[in-house]
Amino acid sequence: MAAADSPSAALRRRDLCSRGIRLAGKMRADVVDLLDAYVEQQGLDASASVAAVEGVPLAAVERWDEQTGTQRLLENLAAYRAFRALLAQMLEEQREQLGEADAGLGRALAAVLLQVSAFTYHLEELLRLESRGIPGEEEDGPPAPPRLSLFEQKLRGLGVLRELAQWAVRSVRDLRQLAKPSPAPGAAPGLAESP
Amino acid sequence: LGDPQNLKCVTHNLHKMLCTWNVSSRGRRGQAEFCYTANDLTPQVCFKTKEGRVEIPVPESSITVTIKSSGTAFATKAFVIHQKDISFVPVAPHILSLTPEFPTSTLHLKWSDSGSVFPYGLDALWQIQILRKNAMEVVTQVTYYSKLTQEDVILSWNWTSDVPLECTSHYVKIRCYINATQFVGPKDWSDWSPAEVIPGKDTEPGESGVFPLDRVVAVGSDLTFCCIHEEDQRINMTYGSKSYAMMQLSSRSHAIRVLNASVSSSSGTNVVCRLEDGLEGSVVFVGYAPDVPQNLSCETSNFLTVKCTWKPGRPSGLYADRKTKYSLFERTSGKNVSCEVNEMSKDRVCDFPVLPDQKTYDFVLGVSNPIGQAQSSLLVDITQRVRPKTPEMLTVIGNNSTSIQLRWHINGSFTWIRLLCQIEISGGHSERKLHNVSMPGGKSSTYTAQLNALHPYTKYQFRVRCSAADHFWRWSDWSRGVEQTTSEAP
């Protein structure tokens, strides 16, 4: 594990964390707006219960407090990589199903996808800062999801956006946790953890 | 004594008939000798049989039968069978195939008419029954007519169900009646064929969902959707935001009926089934068939491309994969072009290449979407539909005190026509004047014109537009203006 933070690394990490917090906050606001537009555009019931979306780690996590900083980053990274693929799939389906009929929803979806991609890169930066290897992405990305019916596509989209909104909240909390100064060795976990 | 009695003869094919009899109750059936003869002149034909049934030819009019039974004791009985006593009951038809077409909820039935069985051409009636609910509920029964031609002909019949075939099992049975007018005996319907079944999704273990899936239908249609669920599961179904009363199709299938469906939103109308453990659903796209394209008009601006425009009429309400597709077909050349059209934009445009040495175009604009299609036609001579591109690079190339020479360029090849160009002259203390000049069309050329009778040392503004000289259609847009002051008088 790296020695306690050098002042410049700590400063750099806090800067990355605070920028990440702002990015996640903005992303959440946009996702919530997108969710409302999506529910209306797709004629869905906002209260509809949706099964967990295959391929997306749940935002809710047990013993959140005990997670090391690296675990937080790695779980965030895995989630947002999954969201990036799912949002790209949703965008593709939106073009197939709605085309020019609702370019607004397409634009909003693309904007959120852009933010998710940016946030994913941001997480990778944080991991690099900790001289942590960036886990490789599966060669050709996640396995192609099964061909869903249109209603299943609509429900999956609802599930993806809901879970993404949850993750944005969790990411803010995770980054705030990471932003705290690194404790002296042996104390409560910050970013680094002792093997 | 075991007298032979109740002799009955039935023919299935007007050739042969099956005669059966039984022995009076006290007798035990043993071997019997069955003899028949048409008349005194023809020799008797005899059979020995234990089964109490014999197949013999159908007589022209009548035959005399003698049955000598050897049960508990010998007994002989004679019968006279007239044709009128023989029943004609065709064999139950054989269904060759029953094929479901799920997207259209259509059953395709094929069967053989077994015409080769009969000695001559006959009129046949076929009754077809469609059943549901374990073949207990007759949904529809139709009668189908055909002519038998002494050959086995495969007949086919299609039926479109108002309930999607996925929703519950559909059974088909068929029977026939042969209208043999020359046969004087009693005639009757055949037995029903064994029922052929197209199993519904409610027969598949673990299956659940709403059907049909992701259909495109016309506004005003009456729609049926079903929810396939586990037995005894409480469900409710909504169409859009409205709940509907459900009909039970089977223990695992309930359906709703939506009448006179209205146009759906661009993302379709959701049909949702709320189960105890989750949601199932389908999406239906309710839209219009494309309208006949109105005001189809075609012109060329450069003799390289013909640009056709039209008014789409009523929007179809269908988008993306389901949107209306347009193609421009030209009959003379047989060339077909598909047009890329943005459903949201009001104007509809499609380009067709100008073909070598072809001035007249016999266009058919075809429009189609999953609900229907339409077309408009237009016969046009493109030399009479010229609207040149905007003249460019208007330049003054010569100038003295009373005249000015202008030059401009027009993209496009106009060698098939003469051009008429109009030069607007402003300034010079006088009203705006228009000066027309015509010239042979060139191939992406530069054109010139001289303006005379101008005032010396006077500032003028010029701009130009062009059209076809011989068959005026439309002016081009005006070029950009150019300003010039004539030189001083000498």
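Where a number appears in this text, it was derived from the coordinates with a stated rule and is not lab data. Since this is a predicted model, take the numbers as computed values, not measurements. For neighbour counting, all protein chains shown are included, and Cβ atoms are generated from backbone atoms with ideal geometry for every residue, glycine included.
Any idea what the dipole of segment B:140-240 comes to, in debye rounded to 20, about its Cα centre with Lys/Arg Cβ at +1 and Asp/Glu Cβ at -1?
On the way: 7 positive and 15 negative charges, 103 e Å.
Here the size comes out at about 500 debye.
On a straight-distance basis, which aspartates and glutamates could pair with residue B:389 in a cross-link, Cα separation under 14 angstrom, same-chain partners fewer than 8 positions away excluded?
Partners found: B:299, B:477.
Which whole-Hz couplings ³J(HN,Hα) result when phi for each residue of segment B:206-211 is put into the Karplus expression 6.51 cos²θ - 1.76 cosθ + 1.60, θ = phi - 60°, listed in order with x for Gly and Pro?
With coefficients 6.51, -1.76 and 1.60, one gets x, 6, 8, x, 9, 10 Hz.
To the nearest 20 debye, what is the magnitude of the charge dipole of the protein assembly as shown about its Cα centre, counting +1 on the Cβ of each Lys and Arg and -1 on the Cβ of each Asp and Glu?
Working: 72 positive and 75 negative charges, 239 e Å.
Dipole of the protein assembly as shown, to the nearest 20 debye: 1140 debye.
When only alpha-carbon atoms are used, what values of Rg and Dmax, in angstrom, describe segment B:144-295?
21.4, 68
How would B:475, B:408, B:21 line up from fewest to most surrounding beta-carbon atoms within 10 angstrom?
Values: B:475 15, B:408 26, B:21 22.
Ascending number of Cβ neighbours within 10 Å: B:475, B:21, B:408.
Normalised by the number of residues in segment B:290-342, what is the relative contact order in percent for Cα pairs under 8 Å and 6+ residues apart?
On the way: 63 pairs, mean separation 14.3, N = 53.
Here the relative contact order equals 27 percent.
With a 4.7 Å Cβ cut-off, tell me which Cys residues in the protein assembly as shown come up empty for a partner.
A:17, B:176
How large is the convex hull of the Cα atoms of segment B:356-490 per residue, expressed in Å³ as a whole number? Show your work: numbers first, answer last.
Working: hull volume 17.9 nm³, N = 135.
Cα convex hull per residue, to the nearest whole number: 132 Å³.
Taking the convex hull of the alpha carbon atoms in segment A:48-88, what volume per residue do you get, in Å³?
Numbers: hull volume 3.1 nm³, N = 41.
Residue-normalised Cα hull volume stands at 76 Å³.
Return the ratio Rg/(2.2 N^0.38 Å) for segment B:106-230, where Rg is computed over Cα atoms only.
Values: Rg = 18.4 Å, N = 125, 2.2 N^0.38 = 13.8 Å.
Segment B:106-230 yields a ratio of 1.34.
With the convex hull built on the Cα atoms of chain B, state its orientation-averaged projected area in nm². Before the final figure, lay out the partial values.
On the way: hull surface 163.0 nm².
Its average projected convex-hull area is 40.7 nm².
Based on the Kirkwood radius over alpha-carbon pairs, what is the Stokes-Einstein translational diffusion coefficient of segment B:290-415 at 4 °C with 1.567 mPa s viscosity, in µm²/s?
Values: Rh = 16.5 Å.
For these conditions, the coefficient is 78 µm²/s.
State, in angstrom, two size descriptors of segment A:44-151 derived from its alpha carbons: Rg to one decimal place and Dmax to the nearest whole number.
Rg and Dmax of segment A:44-151, Cα atoms, are 16.1, 48 Å.
May I ask you to list the GluC sites (Glu not before Pro) in segment A:1-100 that are in a DSSP loop and have at most 14 other Cβ atoms within 10 Å of their Cβ?
Working: sites: A:40, A:54, A:62, A:66, A:75, A:92, A:93, A:96, A:100; in loops: A:54, A:62.
Answer by residue number: A:54, A:62.
Which lysines have a Cα less than 22 Å from the Cα of residue B:50, not counting those fewer than 8 places away in the same chain?
Partners found: B:8, B:16, B:68, B:77.
Ranking B:432, A:173, B:252 by Cβ neighbours within 10 Å, fewest first, what do you get?
Values: B:432 10, A:173 13, B:252 23.
Ordered by Cβ neighbours within 10 Å, fewest first: B:432, A:173, B:252.
Given all pairs of different Cα atoms, what value in angstroms does the Kirkwood hydrodynamic radius of chain A take?
Values: mean 1/r = 0.0564 Å⁻¹.
Result for chain A, one decimal place: 17.7 Å.
How high is the relative contact order of segment B:21-130? Use alpha-carbon pairs under 8 Å, at least six apart in sequence, and give a whole percent. The partial results should precede the final answer.
On the way: 143 pairs, mean separation 20.2, N = 110.
Answer for segment B:21-130 is 18 percent.
Which entries of A:26/A:180; B:311/B:335; A:26/B:242; B:325/B:443; B:48/B:173; A:154/B:242 show an alpha-carbon separation above 29 angstrom in the structure shown? Could you put the intermediate results ahead of the total?
Details: A:26/A:180 21 Å; B:311/B:335 23 Å; A:26/B:242 36 Å; B:325/B:443 35 Å; B:48/B:173 38 Å; A:154/B:242 18 Å.
Long pairs (Cα-Cα over 29 Å): A:26/B:242; B:325/B:443; B:48/B:173.
Within segment B:277-370, report the GluC sites (Glu not before Pro) that DSSP leaves as loop and that have at most 13 other Cβ atoms within 10 Å.
Values: sites: B:280, B:299, B:330, B:340, B:343; in loops: B:340, B:343.
Sparse-neighbourhood loop GluC sites (Glu not before Pro): B:340.
Along the charge dipole of segment A:1-94, Cβ charges K/R +1 and D/E -1, which of A:50, A:20, A:7 sits furthest on the positive end?
After comparing all options, I get A:7.
Positive end of the charge dipole of segment B:103-257 (Lys, Arg +1 and Asp, Glu -1 on Cβ, about the Cα centre): tell me which of B:218, B:198, B:233 has its Cα farthest that way.
B:218
Rounding to the nearest 10 and keeping the result within 0 to 90°, find how far the Cα-based axis of helix A:69-97 lies from the longest principal axis of chain A.
It works out to around 20 degrees.
What is the ratio of the Cα radius of gyration of the protein assembly as shown to 2.2 N^0.38 Å, with N the residue count, to two decimals? Before the final figure, lay out the partial values.
Details: Rg = 42.7 Å, N = 685, 2.2 N^0.38 = 26.3 Å.
Ratio of Cα Rg to 2.2 N^0.38 Å: 1.62.
Given contacts defined as C-alpha pairs under 8 Å and at least six residues apart, what's the relative contact order of segment B:84-228, whole-number percent? Each step should come with its number before you reach the end.
Working: 335 pairs, mean separation 41.8, N = 145.
Relative contact order for segment B:84-228 comes out at 29 percent.
Can you compute the charge dipole magnitude of chain B about its Cα centre, using +1 on each Lys and Arg Cβ and -1 on each Asp and Glu Cβ, nothing else charged? Give it in debye, rounded to the nearest 20. Working shown, then result.
Values: 49 positive and 47 negative charges, 162 e Å.
Using only the charged Cβ atoms, the result is roughly 780 debye.
How about segment B:409-490: which GluC sites (Glu not before Pro) there lie in a loop by DSSP and see at most 11 other Cβ atoms within 10 Å? Each step should come with its number before you reach the end.
Values: sites: B:424, B:431, B:483, B:488; in loops: B:488.
When the GluC sites (Glu not before Pro) of segment B:409-490 are filtered for loop state and at most 11 Cβ neighbours within 10 Å, B:488 remain.
Hey, if you put +1 on the Cβ of every Lys and Arg and -1 on every Asp and Glu Cβ in segment A:1-137, which of A:73, A:114, A:38 ends up farthest toward the positive end of that dipole?
After comparing all options, I get A:73.
Along each of its three principal axes, how wide is the spread of alpha-carbon positions in segment B:32-142, in whole angstrom units, largest first?
Answer, in whole Å and largest first: 67, 37, 20 Å.
Across segment B:222-272, how large is the tail of the calculated P(r) beyond 16 Å, expressed as a percent of all Cα pairs?
Working: 496 of 1275 pairs.
Taking all Cα-Cα pairs of segment B:222-272, the fraction more than 16 Å apart is 39 percent.
Using the 10 angstrom Cβ neighbour count as an exposure proxy, how do B:169, B:479, B:430, B:368 rank, fewest first?
On the way: B:169 20, B:479 23, B:430 11, B:368 15.
Sorted ascending by nearby Cβ count, the order is B:430, B:368, B:169, B:479.
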